Structure formats: structure tokens, C-alpha cells
Amino acid sequence: YHTKLWWQVVTFMDPGKYLMTLLAVWWRVSMAESAFEARGASSGMAVLFWLELGPILTKVYLIATGHRADYLFIAPLYDYSYRAVAFLVAAVLSWWRLSSILRTLHSTKMSSAKRYLAAEVSWADFVLRRVRRSLVIVCVVGSISASIDLFIVFRSHQVGTWGHSWVFVFDIPTNLYIIVDFLTLLDTVGFFNIKAPSMKMSQSSSVAHPESEEFEAERSSLWMETVHSLAGRFMEAGELLKFYAELPESMPWYDPRRHTTNDIVRAAIIPLSHRAGRGWAFANLPERSDAGGLLPERMVTHDWRNLFLHLVAAILADALGKDEYGAIASKLCLEGGPEVVRQQLEETGATHRRYWICAFCVNQHLGICAGFSPPPPADTPEFRRWEANRRDSVSGDLHTCCRCIEPKFFLDAPDECEMNKFDDMMALLSHEAPDFRQLIAIDRHFDVFTRVWCVAELVQAHR
């Protein structure tokens, strides 16, 4: 009785291993599709997953009705036949879908953006091929394992008894499959990539001169025109302090201890740079005096999630020759504090120190002003961050979208886009602006080091 009961339990739970594998294949393909904003094969995977419930329900019925003979032959026959076919279909779906993503990946328009996309395309290609290989191998082995089990069921039915030898043979394909599944999982996460990518930058990776033929070979004239336009914008330390001091006039609910740079961009910089249906970079407004060919002296790397107060304090502290901005931030929060800091700037001759700050120097009306990026999957950290960025940090209200007539340029228009040229602009300024330096405004939580754009600026500055 106990042997019979144990056999029923084991054969009932056996599909669980394969069910979890189909779920894992489904999940990995869905994850790849989500990463590349593609859809297709995951729905087919879902069908395969739910159809696996058929053999399980069949076994439940046969156990409940006491049909032991049918249970030992018909249920396994149905189970392994389905499994052999299901895994082959899963292999084909995995290969087809990941291959289609790879083809789309390599058809990406690079042109002038080649420098930015080539490395990402190469890495994505490497990872996708590894995932595709692992999924196809585990699915094919799963199908072979099920086919062997199916043969054993037929053979044992002909002999008329399972016997200990058949039970032993029956375990071989299952154990082989478990081993292969484990090894392919290690392959998927990159365990077998013994050689780690080198993080050391060689001397040969130094940036070519921005005016050289080598530098401009991959870039259109429109791309270089945009680079030069960006490089000619800046905010002086005195102008930034004046903007901060007058901020309550355009944003009466401003709270320096709670509002972030993102809030200021949405609620102040974008509205103040919108004139008669047209949009400008705040640092390039028509009424600002002619820069006279001057270039920025500092490139500011910062996180928009940081308090705007701390960004301003960090820049003013740099202008005053200080390494920390805590004292300046405290002073700016006091009544009359901005005036005290203004006097310090004048006394040290730092009022006209020029800073390149993306929030002010990028024309937000050519990009983000009219809305927000597509929402990430719900109930994820990315979605919560996306939702927080859409709302005022104090009131919780949705930020107002701009209705200017300016066209929007993102990575699908790489030459006109102003958000993909920071490294070229930094290379240009490093050659053209004397004593050009990078200023890193580090926030309280060190989030600046988790932002890809910020890290990219650090890498470019190192080069």
C-alpha cells in the first residue's frame, strides 16, 4: 500500500519539474520582449504553460476514481506526449522570437549616433544570443527526455510490469534533464564567461579632437551644429543665484527642503522658457545678453532627483572655492541668505563663473516638455519612480505639460536630439575651453552614481 501510494505521489509531482521549466522559459522570453518593447512569443508560451495543467488534472481524476491501470499507462502517455511536443514548440518560439529581436536590434539606425549605440547593440546581441542558446538547449533536452520517458512507458506496458530496472532507467532522462536545466541557467546568468570585461581604459581610447576628420567622420553637419550650439550655453553663478532667489515668484509653493530639480524643471524652467508658442533653452533665452563667444568653465553632473537647493548650493560652493556645500545650503534657506551669498560671490570675483547645467542648457521644449515617458510595468520600482517624477514632490499634483509648438527630438532623430551629445560636447569643451572641469554635485543618498547618464559623463571626463 505504501509503495503504491509513494508511486502515485512521485508520478503526480513529476510534471511539476517540467511545469516550472516551461514557466521559466516563458518568463525569460517575456523579460527579453519587455526589455526591447516587443510582444509576440510570450503569449504562446502562456498557452503551453496552461495546457500542462491537462496531464495534471487527468492524473487527479484517475487517482480520485481509482483507475490504477489507466493511471499507470494512459496518464503518463498523455503526459509525456504533450511534454515532448510542448518543449519542441517552446524551443521554436524561443528561437523565433529572440532571433526577431536580434534582427530588429541590428537594423537600428545608427548614423551619427553610432558611437552611442554600437556598444549597447554589441552587448545586447551577446546577451540575447546567450539566452537564446540556453533556452533552446533546455527545451530540446526536455523534449528528448520526455520522448525517452514515453518510450519507457510503452515498453513497460508491453512487458506488463515496471520492475526495479525500469524505475531506474526511468530516472535517467529526468536526472539528465535537471542537470542540463541547471547548467543552462548558469549559462544564462553568464557563469561560463570566464573572461570578465576589462574596466581599464587604454591610452588609445582617448577622444579625438572635435574638429578633426576622424571625429567628424561618423557625424553629420547637423549633429556637429547641435554639439556646438549646446557647448555655447551656460549659466553664470550669479544668474543661478538670482534664479533661485526669485523662484518663489514663479513657483509660490516652492519648498527648498523638499522640491527636487525635476520639480523645478517642470514647474519653473519649462514655463519660464516658453514664449509665444516657442520654446527655448533657459540659458539661451532671447533676452539674455550675448555670450560673446564665451564657453562654460564647468560641466555639472547631477541627479534630477536631488534637491534643487543642493544643486544650487553645490555650484555656488564650487564658485567660492569650497569642497562642501552644506553651509551654503543652510545659508540659502535663511531670510536674506541669498543676498549674503551674492556678496560673497562679488567679493571673490566668482559672480561670472560659467556652468553648463543640463536642466538650463538643454532645450527641454525639444524633448520632455509635452509629456512623460511611457509607463514601466505596474507594481515595480521603476513604475513608482516614474509616477513620482510625474508629480510635484510637495503637492502631489501632476506636473503641467507644455503646449509649445516645438518639434520633439529623441533617439529616433539622433542628429537633432540634444540629449545624446553630452560626451561630444564635453570633448569639444575640453579642447576649446581653458581650464574646463567637471563638477559633480553629490546628493545626500549618492543617487548620482546610480544614474547611467551621470556615470557616462564621469567616464567621458576620465577619458
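The values are calculated or read from the model by the stated rules, or taken from the named source; none is laboratory data. The model shown is predicted, which means the values in this text are computed figures rather than measured ones. A quick note on method: Cβ atoms are made from the backbone with ideal geometry, for glycine too, and the neighbour counts reach across all protein chains shown. Areas reflect the complete protein model, heavy atoms only, side chains present, ligands, DNA and RNA absent. Shrake-Rupley method; radii C 1.70, N 1.55, O 1.52, S 1.80 Å.
Return yes or no: is Glu339 open to solvent by 30 Å² or more (accessible area, probe 1.4 Å) and either modelled with pLDDT under 95 or under 27 Å from Ser430 (Cβ atoms) (or both)? Judged against the criteria, Glu339 is not a match.
Do you know which of the residues in region 94-138 that are more than 23 Å from the chain's Cα centre (by Cα) and more than 13 Å from Thr188 (Cβ to Cβ) is modelled with the highest pLDDT? Checked region 94-138; the qualifying residue modelled with the highest pLDDT is Trp95. Taking the conditions (1) in a loop (DSSP other than H, G, I, E, B); (2) open to solvent by less than 60 Å² (accessible area, probe 1.4 Å); (3) without any contact (Cβ under 8 Å) to a residue 12 or more places away in the chain; (4) aliphatic (A, V, I, L, M) in turn, Ala317 satisfies each one other than (1). Selection of region 332-358 for residues being farther than 29 Å from Ala231 by Cβ, in a loop (DSSP other than H, G, I, E, B) and either touching a Cys at 6+ places or on another chain (Cβ under 6 Å) or without any contact (Cβ under 8 Å) to a residue 24 or more places away in the chain (or both) yields Leu334, Glu335, Gly336. Whenever a residue of region 397-426 is open to solvent by 80 Å² or more (accessible area, probe 1.4 Å), its partners that are basic (Lys, Arg) and in a loop (DSSP other than H, G, I, E, B), lying with C-beta atoms within less than 6 angstrom and at least six residues away or across chains, give the pairs Leu398/Arg390. Of everything in region 208-238 that is among the small types (Gly, Ala, Ser) and at pLDDT 55 or above, the residue that is surrounded by the most Cβ atoms within 10 Å (Cβ to Cβ) is Ala237.
Can you find even one residue in region 259-268 that is open to solvent by 30 Å² or more (accessible area, probe 1.4 Å) and part of a loop (DSSP other than H, G, I, E, B)?
The answer is no, given that none of the residues of region 259-268 is open to solvent by 30 Å² or more (accessible area, probe 1.4 Å) and part of a loop (DSSP other than H, G, I, E, B).
Annotation note: of Ile328, Ile368, the sole residue that is open to solvent by less than 50 Å² (accessible area, probe 1.4 Å), of a type in the set (A, V, I, L, M) and closer than 23 Å to Arg233 by Cβ is Ile368. Looking only at region 238-258, filter to residues that are of a type outside the set (Phe, Trp, Tyr) and part of a loop (DSSP other than H, G, I, E, B); which one of those is farthest from the chain's Cα centre (by Cα)? Here the answer is Pro252.
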